[in-house]
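Q: I'd like to ask some things about the structure below.
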Number of protein chains: 2
Amino acid sequence: MTHSPLRPPTMADVARLAGVSHQTVSRVLGDHPNVRDETRARVQRAIEEMGYRRNSSARALATRRTRTLGVVASNTTLYGPASTLFALEEAARAEGYLVSTVSVRKLTVETLSEALDHLSDGGVEGVIAIAPQRSAVEALAELRRPFPVVAVGTGSASTVPSANVDQYLGARLATGHLLAAGHRTVWHLAGPEDWQEAADRVAGWRDTLEEAGVEPPMPLRGDWSPLSGYRAGQELAGWVGRGLTAVFVANDQMALGVLRALREAGVRTPQDVAVVGYDDIPESEFFAPPLTTVRQDFSAVGQRSIALLLDLIEGRTPSGPTRIAIEPQLVVRASTYPYASPPGTAPPG
Amino acid sequence: MTHSPLRPPTMADVARLAGVSHQTVSRVLGDHPNVRDETRARVQRAIEEMGYRRNSSARALATRRTRTLGVVASNTTLYGPASTLFALEEAARAEGYLVSTVSVRKLTVETLSEALDHLSDGGVEGVIAIAPQRSAVEALAELRRPFPVVAVGTGSASTVPSANVDQYLGARLATGHLLAAGHRTVWHLAGPEDWQEAADRVAGWRDTLEEAGVEPPMPLRGDWSPLSGYRAGQELAGWVGRGLTAVFVANDQMALGVLRALREAGVRTPQDVAVVGYDDIPESEFFAPPLTTVRQDFSAVGQRSIALLLDLIEGRTPSGPTRIAIEPQLVVRASTYPYASPPGTAPPG
DNA sequence: GAGGTCATTGTGAGCGCTAACAATTCCTGC
DNA sequence: GCAGGAATTGTTAGCGCTCACAATGACCTC
């Protein structure tokens, strides 16, 4: 049944076998209505027989459409970016697009620019940039590029079209939860200075405290890693007994480090110090103790940003706003409330 | 300086502006040696001025090379697949290839086949399949496909070219470590039945015990999730005092669940029960207690598999074996040895 | 200064497809 | 049995690039 051609069969080969013109083959493949059933069947049989597949390059050249989207991401082994990436690809594929990814170790103006060049050379029709660093977002607005770009993870400060979880709101939920539980004040271990999401979380935390008439303590800084959380946790442990009873940590991994440091310092969680994280990574339910945290709907971010990008590509007026905000959700566990439910009974992450 | 053409400029446009033929422009772009310096400079200026970029589709059509690789992956939010994906993309980009990814929720014959079709329609020259389930690997060998495929994460049972961490060896390291520490026997919480890597780890564990003259206990089964580890851990806790002093868990996430279950049952780690995990995810150093585990060099897997795939694509005789095995490494922490080093002092993950 | 060589540049023909238009066939109704 | 129109099919010209080869010219040798 299969030939063993040195070259894969072309449309002309199929046409010859079916006894029609190549254009008729193209019509069959394109589901054009005006093809006689008998002809269509004959063509389809020929296609089957030769194992024919359209050459995507030729098609792209003739239509000027590659049906490929690009994604630039960094830190893709972290839960957040990895989840976003997954959601993006799934959403794009549902629309018939292929996704090409460039993952960089560190997002800078140079790496971002190189990544866009690489994707551009690959013929992408548009790009999603998962660009949480402020510097990168700004660079994005400047760079000359022949296709639309949608930013993701840029927090509130985006000059380009974007889709984001509302980090400010997430921080308010976390901080408000701790205040409502009776804590007089809430400390904060923040993410890196340059990350807009970190800044948004700081702002949400600060505003919530100030609205409650509390002077916010100086926030600590980490780099998202458990190790930086551990170091900050050692420092925080020194403040226990001097007004520190609750900490809002800007992500779950750092919270894990904080928990370990507190434990090693003989500080009990949540009895002595309550801890809230951010992200709801799959592990956080099993930390010691299980972690109260803020869940982000990465899947929604992926779908909304792809929809927005496609609107931009196809030249449609976007069906919604070009700066999309998605609501996060608080997940309460034992790190703030000792009688929280056992594993497997809470809604799934 | 920039035109604002409805169409992006073509090679012919650049040629006209530079006063040369399109072929000379092509030569400049292709770094062909036989171009006069003066001409080259003039062409380059024209390219610059027009912001010209080669059309990748036209290029691909003429050269029959898309310089695009495909990757099929599942469970990409897990540390292992995400790390592999990252390494693959980085290695491919270093060779000038673009990577298109398809991430599926569940790897079955159908989803794998659809994924390959989608990538094929995207014109990929070869595919890396991260296919840890046995059924998927077998399907891979059957499917008709017009490009080479390299499997990754298939453990020892691969009929197609592959690159893998030696899971059998990793399990031997873990089990041997526990025996050497004086444990009489080692229990095992295995991964899902259908995963070859899980089977390889079971085999390594079993063989090590048998060589030491110990009858292996019945292994438990989990699904890689912390929750399944937690449930297994509850069961394991019931065997403490009846010969259970050491557990080898097939991944770190399940180990996290086991640790929680043991803790809740009043079982101390490592004094009552020692625990070893697998993967060395970034969090495991901060578990309670920090987890002894087996580290896999995903970066090496990525590089080796890309090198192999490119050999296959270019029709070269592969420079090495077509079934590549990479050595894992044991990382000892407090879950097996209570005086292990504090965070930040061990070699980085 | 004829002939040869090399470096440099240009020309023409595809690559495999789709879009636009032209040609043919098949029905209608009268 | 034939005009008129719709349905169906074919023809031609690109899309923008690279490859193979032809043409040009500079330079050298004897």
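Q: Could you run the Debye sum over the Cα atoms of the range A:137-247, one equal point scatterer each and no solvent, and tell me log10 of I(q)/I(0) at q = 0.10, 0.15, 0.17, 0.20 Å⁻¹, two decimals?
A: -0.36, -0.71, -0.85, -1.06
Q: Next question. Semi-axes of the range A:1-158's equivalent ellipsoid from the Cα gyration tensor, sqrt of 5 times each eigenvalue, largest first, rounded to whole Å?
A: They are 42, 15, 14 Å, listed largest first.
Q: Once you keep just the Cα pairs under 8 angstrom separated by 6 or more residues, what percentage relative contact order results for chain B?
A: Once divided by the residue count of chain B, the mean separation gives 15 percent.
Q: Also: Charges on Cβ only, +1 for Lys and Arg, -1 for Asp and Glu, centred on the Cα centroid of the protein assembly as shown; of A:39, A:312, B:137, which one is farthest towards the dipole's positive end?
A: A:39
Q: Let me ask another. Label position 7 Å from Cα toward Cβ: report the copy-to-copy distances for residue A:300 in nm, one decimal, ordered from shortest.
A: Result for residue A:300, in nm, nearest copy first: 4.4.
Q: Mind putting together the pair-distance distribution for the protein assembly as shown? All Cα pairs, 20 Å bins, whole percent per bin, short to long.
A: Going from the shortest bin to the longest, the percentages are 17, 45, 30, 8, 0.
Q: I would also like to ask the following. Please quote Rg/Rh for chain B to two decimal places, taking the Kirkwood radius as Rh and restricting both calculations to Cα atoms.
A: Radius of gyration relative to Kirkwood radius: 1.14.
Q: Still on this structure: Shortest first and in nm to one decimal, what separations exist between residue B:272 and its copies in the other chains, measuring from label points 7 Å along the Cα-to-beta-carbon line?
A: From this label point to the equivalent ones elsewhere in the assembly: 2.3 nm.
Q: Grab every C-alpha pair in the range A:142-183, bin the distances at 5 angstrom width from 0 up to the longest one, and report whole percents.
A: The calculated distribution, bin by bin, is 5, 20, 18, 15, 12, 9, 8, 6, 3, 3, 1.
Q: Hey, what D do you get for the range A:66-163 in µm²/s if you plug the Kirkwood alpha-carbon radius into Stokes-Einstein at 25 °C and 0.890 mPa s?
A: 186
Q: When only DSSP loop residues count, what trypsin sites (Lys or Arg not before Pro) in the range B:1-108 have their Cβ near at most 13 other Cβ atoms within 10 Å?
A: Listed in order of number, the matching sites are B:36, B:64, B:105, B:106.
Q: For the range B:167-295, what does the relative contact order come out to in percent, with C-alpha contacts under 8 Å and a separation of six or more?
A: 25
Q: Moving on to the next point. Work out the length of the dipole vector of the protein assembly as shown about its Cα centre, built from +1 on the beta-carbon of each Lys and Arg and -1 on the beta-carbon of each Asp and Glu, and round it to the nearest 20 debye.
A: Here the size comes out at about 1520 debye.
Q: Grab the eigenvalues of the alpha-carbon gyration tensor for the range A:253-338, scale each by 5, take roots, and send me the semi-axes largest first in whole angstrom.
A: The equivalent ellipsoid of the range A:253-338 has semi-axes of 39, 11, 9 Å.
Q: So what is the relative contact order of the range B:11-54, in percent, for Cα pairs below 8 Å that sit 6 or more residues apart?
A: Relative contact order comes out at 44 percent.
Q: Using DSSP to call loops (not H, G, I, E or B), can you name the trypsin sites (Lys or Arg not before Pro) in the range A:138-188 whose Cβ has at most 16 other Cβ atoms within 10 angstrom?
A: Taking the range A:138-188 and a limit of 16 other Cβ atoms within 10 Å, the loop trypsin sites (Lys or Arg not before Pro) found are A:144, A:184.
Q: Could you give the nm distance between label points at residue A:45 and residue B:41, where each point is 7 Å from its Cα heading toward the beta carbon?
A: Each label point lies 7 Å from its Cα, and together they span 6.7 nm.
Q: From the helices alone, meaning DSSP H stretches of at least four residues, give me the mean residue ellipticity at 222 nm for the protein assembly as shown, per-run term -39500 (n - 2.57), in deg cm²/dmol to the nearest 500.
A: Roughly -13000 deg cm²/dmol at 222 nm, from the helical runs in the protein assembly as shown.
Q: Set Lys and Arg Cβ to +1 and Asp and Glu Cβ to -1, take the dipole of the protein assembly as shown about its Cα centre, and tell me which of B:25, A:258, B:179 lies farthest positive.
A: B:25
Q: What gaps in nm, shortest first, separate residue A:45 from its twins in the other copies when you place the label 7 Å past Cα toward the beta carbon?
A: Spelled out, the distances from residue A:45's label point are 6.4 nm.
Q: Sticking with this structure for a sec: Where Lys and Arg each count +1 and Asp and Glu each count -1, what net charge lies around residue B:120 among other residues with Cβ under 14 Å from its Cβ?
A: For residues surrounding residue B:120, the net value is +3.
Q: OK, next. Alpha carbons only, please: Rg and Dmax for the range B:10-96, in angstrom.
A: 18.6, 55
Q: Still on this model: Please get the size of the charge dipole for chain A, origin at its Cα centre, with Cβ charges of +1 on Lys and Arg and -1 on Asp and Glu, quoted in debye to the nearest 20.
A: Dipole magnitude for chain A comes out near 980 debye.
Q: Considering only the protein assembly as shown, what is the antiparallel percent among its DSSP beta bridges, to the nearest 5?
A: Looking only at bridges with both residues in the protein assembly as shown, the antiparallel portion is about 10 percent.
Q: Report the extension gain between residue A:109 and residue A:314 in nm, rounded to one decimal, defined as 0.36 nm multiplied by the number of residues separating them, less their alpha carbon distance.
A: Working it through step by step, the gained length comes to 71.0 nm.
Q: Quick check on chain B: of the DSSP beta bridges with both residues there, what percent are antiparallel, nearest 5%?
A: If I count the DSSP bridges inside chain B, around 10 percent turn out antiparallel.
Q: Are there any GluC sites (Glu not before Pro) in the range B:190-283 that are in a DSSP loop and have at most 14 other Cβ atoms within 10 Å? List them by number.
A: For GluC sites (Glu not before Pro) across the range B:190-283 that sit outside H, G, I, E and B with at most 14 neighbouring Cβ atoms in 10 Å, the list reads B:193.
Q: Might you report the magnitude of the Cβ-based charge dipole of the range B:129-209 about its Cα centre, with Lys and Arg at +1 and Asp and Glu at -1, to the nearest 20 debye?
A: 100
Q: Dividing the convex hull volume of the alpha carbon atoms of the range B:11-54 by its residue count, what do you get in Å³ per residue?
A: Spread over its residues, the Cα hull of the range B:11-54 gives 57 Å³ apiece.
Q: Taking amide hydrogens as modeled 1.01 Å from N in the peptide plane, which residues meet the under 5 Å criterion relative to residue B:66, leaving out close sequence neighbours?
A: Here the answer is none, since no amide H 5 or more places off falls under 5 Å of that of residue B:66.
No value in this document is a laboratory result; all are computed from the given coordinates. Here the structure is a predicted model, which means the values were calculated and not measured. With ideal geometry, Cβ positions are generated from the backbone for all residues, glycine too; neighbour counts draw on all protein chains shown.
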